[in-house]
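Visitor: Quick one: this structure, given as structure tokens, is what I'll be asking you about.
The values are calculated or read from the model by the stated rules, or taken from the named source; none is laboratory data. In this text, all values refer to a predicted model and were calculated from it rather than measured experimentally. For neighbour counting, all protein chains shown are included, and Cβ atoms are generated from backbone atoms with ideal geometry for every residue, glycine included.
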Amino acid sequence: MPAGWDAIDGALGRIYPGVEPLHYGTVVKWRLGGPDPLDGLSVYPRDDHWHFVSYGMSELYDKESDDPDESGWGFELTFRVARGAETEPPVWALNFLQNLARYVFSSGNPFAPGHHVDLNGPISLAAPDTAIRAITFVDDPELGVIGTPHGRLRFLQVVGLTLEEYATIELWDAAALLQALAPHLPLFVTDLARGTLTDDPAVAAAIADGVRREGSSTGSMYVAEASWESGPAAGTTLTFGANAAARVGRVLAARLPFGRGLLVDGPNGAVGFQPGERVTVTDRGEGFAEIQVPPPVLAELAGALRPVAGTYRLPSAPNLSVRIVKSRIRDPDGNIVAEIG
């Protein structure tokens, strides 16, 4: 058995002694031109969930990367999906993990604990009504991090979230949110049938307290529309899409009072907000402006960032205004399915 593969099997053998998993191999390997980056996925049946583990994000066979400390991308994906009476694991989960791996191989952007993704739809097309529409990542609570002959390997677990839970991450912190959810999500199993846990009084209280005491750990946001323009008469106008406006306002209010900035990046420009004593606008070049925002202006700015198209002037900063433009939501085929603003 190749050394990297054997190291993964050894870690799994410690929590599943004598258990033979269901294994789904890839017919044509990625390095040979195949469509699937993972060489395989092993699935272990538990009483209440399926435990998926990938093979292929790390160096399974030989040491090829220049980093002696990490094996390949430095992680393998795991996923725990709620199980009923079925005897076969859900195929959608196998495809989902391949899609996540495909993103990493294609973009060069690896995942890490605390990263989070809005899936822009249900996590499984086989369950269109599920509330699970976003994900975050955490160290697998049973497998953790191991050493291999090719370097360190982290077992990185995918955790399904509702959009309400996902919104909380932007205002607070992914690891802190998962700690608050942990009593309700043993081993962070993803259950497509569950509702949002932010309605639970204990969870809601923990979130409110955390945001109030700690603020947001979200340092940057990528949105569909973020730009700015300045003129001698009108001053500076910031433009955001209606779909993201309220999110930007909420995160600003959870960062600047704590002395932290926020970068809002879009395809046509970027605006960086920093706490300051007076409003200043600095053109940093290449479509990027940095704005110092004092507390009175922050309150007005956050209030103007709402999903209603129009231009809003800020009483405490006459030379600064906010323009909200309509957002058009498109399906995978590019058709407009909704308009916000």
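Visitor: Looking only at region 218-227, how many residues end up being part of a loop (DSSP other than H, G, I, E, B) and crowded, with 18+ Cβ neighbours inside 10 Å? Steps first, please.
Guide: Going residue by residue through region 218-227, those that are part of a loop (DSSP other than H, G, I, E, B) are 218-219, 223-225.
Subset that is crowded, with 18+ Cβ neighbours inside 10 Å: 218, 223, 225.
The total comes to 3.
Visitor: Oh, and also: If you scan region 300-341, which residues turn out to be closer than 21 Å to L171 by Cα and in contact (Cβ under 8 Å) with a residue 24 or more places away in the chain?
Guide: Initial filter on region 300-341 (closer than 21 Å to L171 by Cα): 300-307.
Result: L301, A302, G303, A304, L305, R306, P307.
Visitor: It is to be established whether one or more residues within region 115-124 are closer than 23 Å to V53 by Cα and surrounded by 21 or more Cβ atoms within 10 Å (Cβ to Cβ).
Guide: Residues of region 115-124 closer than 23 Å to V53 by Cα: 115-119, 122-124.
Those still in the list that are surrounded by 21 or more Cβ atoms within 10 Å (Cβ to Cβ) too: 123.
Yes: region 115-124 contains one or more residues that are closer than 23 Å to V53 by Cα and surrounded by 21 or more Cβ atoms within 10 Å (Cβ to Cβ).
Visitor: Evaluate the following for A112: is it outside the structural domain of L252 (by TED's automatic domain parsing) and without any contact (Cβ under 8 Å) to a residue 12 or more places away in the chain?
Guide: Working: outside the structural domain of L252 (by TED's automatic domain parsing): yes; without any contact (Cβ under 8 Å) to a residue 12 or more places away in the chain: no.
No; evaluated as a whole, the condition is false for this residue.
Visitor: Let me ask something else about it. When you check S58 against the structure, is it under 25 Å from the mean Cα position of the chain (by Cα), of a type in the set (S, T, Y) and under 22 Å from N109 (Cα atoms), yes or no?
Guide: On the way: under 25 Å from the mean Cα position of the chain (by Cα): yes; of a type in the set (S, T, Y): yes; under 22 Å from N109 (Cα atoms): yes.
Against the criterion (under 25 Å from the mean Cα position of the chain (by Cα), of a type in the set (S, T, Y) and under 22 Å from N109 (Cα atoms)), S58 qualifies.
Residue-wise test of (1) modelled with pLDDT of 95 or more; (2) touching a Gly at 6+ places or on another chain (Cβ under 6 Å); (3) assigned by TED's automatic domain parsing to the domain that holds Q157.
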| site | (1), (2), (3) |
| --- | --- |
| I15 | yes, no, yes |
| V27 | no, no, yes |
| P35 | no, no, yes |
| V43 | yes, no, yes |
| Y55 | yes, yes, yes |
| E59 | no, yes, yes |
| F75 | yes, no, yes |
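Visitor: Test of understanding: among L181, L197, which residue is modelled with pLDDT of 95 or more, in a helix (DSSP H, G or I) and within 29 Å of S220 (Cα to Cα)?
Guide: One residue alone meets the criteria, L181.
Visitor: Moving on to the next point. Hey, can you tell me all the residues within region 251-275 that are at pLDDT 95 or above and surrounded by fewer than 19 Cβ atoms within 10 Å (Cβ to Cβ)?
Guide: P257, F258, G259, R260, G261, L263, G272, Q274, P275
Visitor: State yes or no: is A208 surrounded by fewer than 17 Cβ atoms within 10 Å (Cβ to Cβ) and more than 22 Å from the chain's Cα centre (by Cα)? Steps first, please.
Guide: On the way: surrounded by fewer than 17 Cβ atoms within 10 Å (Cβ to Cβ): yes; more than 22 Å from the chain's Cα centre (by Cα): no.
No.
Visitor: If only one of R154, R133 is over 29 Å from P201 (Cβ atoms) and among the charged types (D, E, K, R), which one is it? Break it down into steps so the answer makes sense when it comes.
Guide: On the way: R133 fails: over 29 Å from P201 (Cβ atoms).
So the residue among R154, R133 that is over 29 Å from P201 (Cβ atoms) and among the charged types (D, E, K, R) is R154.
One line per residue, one yes/no per condition, for (1) crowded, with 21+ Cβ neighbours inside 10 Å; (2) out of contact with any Cys (no Cβ under 9 Å at 6 or more places or on another chain); (3) in a strand (DSSP E or B); (4) free of Cβ contacts under 8 Å to residues at least 12 places away in the same chain:
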{"position": "G34", "(1), (2), (3), (4)": "no, yes, no, yes"}
{"position": "S54", "(1), (2), (3), (4)": "yes, yes, yes, no"}
{"position": "E59", "(1), (2), (3), (4)": "yes, yes, no, no"}
{"position": "G72", "(1), (2), (3), (4)": "yes, yes, yes, no"}
{"position": "F75", "(1), (2), (3), (4)": "yes, yes, yes, no"}
{"position": "V81", "(1), (2), (3), (4)": "yes, yes, yes, no"}
{"position": "N95", "(1), (2), (3), (4)": "no, yes, no, yes"}
{"position": "A101", "(1), (2), (3), (4)": "yes, yes, no, no"}
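Visitor: Still on this structure, I have one more. Determine which single condition H23 fails, assuming it passes every other condition in (1) of a type outside the set (D, E); (2) free of Cβ contacts under 8 Å to residues at least 24 places away in the same chain; (3) outside any strand (DSSP E or B).
Guide: (3)
Visitor: So, T237, is that one touching an Asp or Glu at 6+ places or on another chain (Cβ under 7 Å), farther than 23 Å from G121 by Cα and crowded, with 17+ Cβ neighbours inside 10 Å or not? Write out each step before concluding.
Guide: On the way: touching an Asp or Glu at 6+ places or on another chain (Cβ under 7 Å): yes; farther than 23 Å from G121 by Cα: yes; crowded, with 17+ Cβ neighbours inside 10 Å: yes.
For T237, the condition - touching an Asp or Glu at 6+ places or on another chain (Cβ under 7 Å), farther than 23 Å from G121 by Cα and crowded, with 17+ Cβ neighbours inside 10 Å - is met.
Visitor: Would you call V203 at pLDDT 95 or above, outside any helix (DSSP H, G or I), of a type in the set (V, I, T) and crowded, with 19+ Cβ neighbours inside 10 Å?
Guide: Values: at pLDDT 95 or above: yes; outside any helix (DSSP H, G or I): no; of a type in the set (V, I, T): yes; crowded, with 19+ Cβ neighbours inside 10 Å: yes.
No, not satisfied.
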